[in-house]
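Everything below concerns the one structure shown next.
Every read-out reported here was derived from the displayed coordinates using simple, explicitly stated rules and does not represent laboratory data. For clarity, every value in this text was computed on a predicted model and none was experimentally measured. Here the Cβ positions follow ideal geometry from the backbone for every residue, glycine too, while neighbour counts run over all protein chains shown.
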Amino acid sequence: MQLSYYGHSCFSVSIKGKIILFDPFISPNDKAKHIDVNSIKADYILLSHGHVDHLADALTIAQNNKATIVSNYEIVSWYNDKHGYSNGHPLNHGGAKTFDFGRVKYVNAVHSSVLPDGTYGGNPGGFVIESEEGNFYFAGDTALTMDMKLIPLFTKLNFAVLPIGDNFTMGIEEAVVAAEFIECDKIIGVHYDTFGYIVIDHTAAKAAFAAKNKELLLLDIGNSADV
Ligand code: NI
Ligand code: MN
């Protein structure tokens, strides 16, 4: 599976010819000035929670591509009610839906969630994706939580996308334990270096995962990797 990284927690994967984009925050990101939001393709846009650093460009990209927004009920309703964007699919925690590219389950995250205009954004979450081309977990913004241990009871993950920047989410030490909880050896790190609060030491981060026989990939913004 090809994964393209657009900075902060934004990435896309291609599955069965469909492009699934996660948490688009590109135009406000100083580190992603070389990415043209209008060049981003998406058939589905999955949003983990309501914070602006996860959905700033979601409406623009959705409108450009007639993409389906998949998120919790409150966020999908907000796009319909406030923005007149009705092409959405609502989920809530523990629920899954099979789309044409694969199955999406909305899972727990320990964080907060409010939309940019102050509207209640529901509870924050992450996604477990199962497909014929592989399975993965995107944790969204979260602390380390025991709930992560539930994921491998149902899904054998090929890789996971975890926040590692500390301060607003778990940091390196806890992300390594998260990788153990979800029984996954290939981790793509996100939610680091975007702001001063979340700058990390890349070498130390990779070494912490390597010490547990796990691989941490830190992609350059705009680059892709086979995962
Ligand atoms: Ni957040
Ligand atoms: Mn965030």
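As I understand it, the value is the acute angle between the Cα axis of helix 73-83 and the longest principal axis of the Cα atoms of the chain; what does it come to in degrees, rounded to 10?
In the chain, helix 73-83 runs at an angle near 40 degrees to the longest axis.
From the backbone phi of the range 219-227, what are the Karplus-calculated ³J(HN,Hα) couplings (6.51 cos²θ - 1.76 cosθ + 1.60, θ = phi - 60°) in whole Hz, Gly and Pro given as x?
Whole-Hz 3J(HN,Hα) from phi for the range 219-227: 7, 6, 5, x, 8, 10, 9, 7, 10.
By the scheme Lys and Arg +1, Asp and Glu -1, what is the net charge of all other residues having a beta-carbon under 15 Å from that of Ala109?
It works out to a net charge of -4.
What does the net charge come to around Ile15 if you take all other residues with beta carbon closer than 12 Å to its beta carbon, with K and R at +1 and D and E at -1? Before the final figure, lay out the partial values.
Details: positive: Lys16, Lys18, Arg103; negative: Asp43, Asp100, Glu130, Glu132, Glu133.
Net charge in that neighbourhood comes out at -2.
Which pairs, out of Lys31/Lys97; Lys31/Lys156; Lys66/Lys186; Lys156/Lys206; Lys41/Lys97; Lys82/Lys105, put more than 29 Å between their alpha-carbon atoms?
Flagged as over cut-off: Lys31/Lys97; Lys31/Lys156; Lys66/Lys186.
Charges at C-beta only: +1 for Lys and Arg, -1 for Asp and Glu. How large is the resulting dipole of the chain about its Cα centre, in Debye rounded to 20?
Dipole about the Cα centre, nearest 20: 460 debye.
Quickly work out the Ser27-to-Ser112 label distance, labels modelled 7 Å from Cα along the C-beta direction, and quote it in nm with one decimal.
Result: 2.6 nm between the two label points.
Under a Cβ-Cβ cut-off of 13 Å, what is the net charge of the residues other than Asn29 that fall near it, where Lys and Arg count +1 and Asp and Glu count -1?
After counting each charged neighbour, the total is -4.
Pairing the Cα long axis of helix 172-181 with the longest principal axis of the chain, what angle in degrees results, from 0 to 90 and rounded to the nearest 10?
The angle comes out at about 80 degrees.
Just name one of Thr203, Gly125, Phe101: the one whose Cα is farthest towards the positive end of the charge dipole of the chain (beta-carbon charges, Lys/Arg +1, Asp/Glu -1).
So the residue we want is Phe101.
Per DSSP H run of n ≥ 4, the term is -39500 (n - 2.57); total these for the chain, divide by its residue number, and report the mean residue ellipticity at 222 nm rounded to 500 deg cm²/dmol.
-5500 deg cm²/dmol, from helical runs alone.
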